[in-house]
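Visitor: Mind having a look at this structure? Questions to follow.
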Amino acid sequence: MRFTHFFFLLYFFVFLNCKQEKIQLYKIEGKQIAISDSITANSEIESFIKPYRINIQKDLDSVLAYSLDTYSKTDGELNTALGNFMADLIYSEANPIFKSRTKKDIDMVLLNHGGIRGILNRGNISKRTAFQLMPFENNIVVVALKKPQIDSLIDYLSKQKKAHPISKLKLTLDKNYHVIEAKIKGKEIVNNQTYYVATSDYLYNGGDNMNFFKPNDTLYRLDYKIRNAIIDNFIKLDTIKPVIDNRFTQIK
């Protein structure tokens, strides 16, 4: 009986002490586990995922269109064939969605040069190509901006001296990179007008230091990934042949 009482008292005091003490994490340890060919594959897991892998590979490699040449984001100074293609397809794929919801048109598109992560190779184009061009899960958003924000956007582009993809916006710079012409859909940019700018949620949130999107009148989330817009555009096209044009140029 005394033996039982002893353990009861021991449990009571230990439990009471534990309730009063604060347990704090003081150390976290980790180690790197290298993944290499030396790791033996698990045959059961391999056999389970094999049909799914085959299905995915087949879907990714299905031919959607044909590219007449190889296009890169570095093939031009202020605008590139690939960048123009990317910005234009965002307009053509996103504008019908935006218009059906708001009864308004997108006025211009702005993407970022660094967001294009691959090249468009000459030959067959597949879904895999879209993943190579846009590996990120970025979504298309439309931001309602007034002239002051548009002016900041244009100032950003002129100072960056980089081929950030644009569509429906025409910029001309002088030899010192000062803006001498800026038009949206062929018209002068005016006060008291709202411009609907399509971009990525990454840029809207300040990516690449594009801080001119906030504040704004309204933000429209289309729930439409840029990659899906690329795939949808590939499906509609038989042949892809983008060009460098005069949408963003410098007079030297």
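Visitor: Any residue at all in segment 74-89 that's of a type in the set (D, E), surrounded by fewer than 23 Cβ atoms within 10 Å (Cβ to Cβ) and within 18 Å of Y224 (Cβ to Cβ)?
Guide: yes
Visitor: Within segment 171-211, work out how many residues are in a loop (DSSP other than H, G, I, E, B), farther than 17 Å from S158 by Cβ and within 21 Å of the chain's Cα centre (by Cα).
Guide: 2
Visitor: Quick test of your reading of the structure: D155 fulfils all but one of (1) in contact with a Leu (Cβ under 6 Å, 6 or more places away or on another chain); (2) surrounded by fewer than 19 Cβ atoms within 10 Å (Cβ to Cβ); (3) part of a helix (DSSP H, G or I). Name the failing condition by number.
Guide: Every listed condition holds for D155 apart from (1).
Visitor: Would you please name the residue that is nearest to D69 (Cα to Cα), looking only at residues in segment 119-152 that are within 21 Å of the chain's Cα centre (by Cα) and part of a loop (DSSP other than H, G, I, E, B)?
Guide: Out of the qualifying residues, it is N121.
Visitor: Looking for something over 24 Å from I189 (Cβ atoms), among the acidic types (D, E) and touching a Lys or Arg at 6+ places or on another chain (Cβ under 8 Å) - is there at least one such residue anywhere in segment 136-151?
Guide: yes
Visitor: Still on this model: Looking at segment 178-221, which of its residues are closer than 27 Å to N246 by Cα and β-branched (V, I, T)?
Guide: V179, I180, I184, I189, V190, T194, V197, T199
Visitor: Does K103 count as farther than 25 Å from G115 by Cβ, within 32 Å of the chain's Cα centre (by Cα) and modelled with pLDDT of 85 or more?
Guide: yes
Visitor: Within segment 206-234, restricting attention to residues that are surrounded by 15 or more Cβ atoms within 10 Å (Cβ to Cβ) and of a type in the set (D, E, K, R), which residue is farthest from Q149 (Cα to Cα)?
Guide: Per the stated criteria, the residue is D232.
Visitor: Can I ask one more? From the list K161, K147, K175, exactly one residue is among the charged types (D, E, K, R) and under 22 Å from P242 (Cβ atoms). Which is it?
Guide: The unique qualifying residue is K161.
Visitor: For segment 7-53, what are the residues that are at pLDDT 75 or above and acidic (D, E)?
Guide: Scanning segment 7-53 gives E29, D37, E44, E46.
Visitor: Would you point out the residue of segment 235-252, among those that are aliphatic (A, V, I, L, M) and outside any loop (DSSP other than H, G, I, E, B), that is surrounded by the fewest Cβ atoms within 10 Å (Cβ to Cβ)?
Guide: I235
The values are calculated or read from the model by the stated rules, or taken from the named source; none is laboratory data. Just so it is clear, the model here is predicted, and its values are computed rather than measured. Virtual Cβ from ideal backbone geometry, glycine too; neighbours counted across all protein chains shown.
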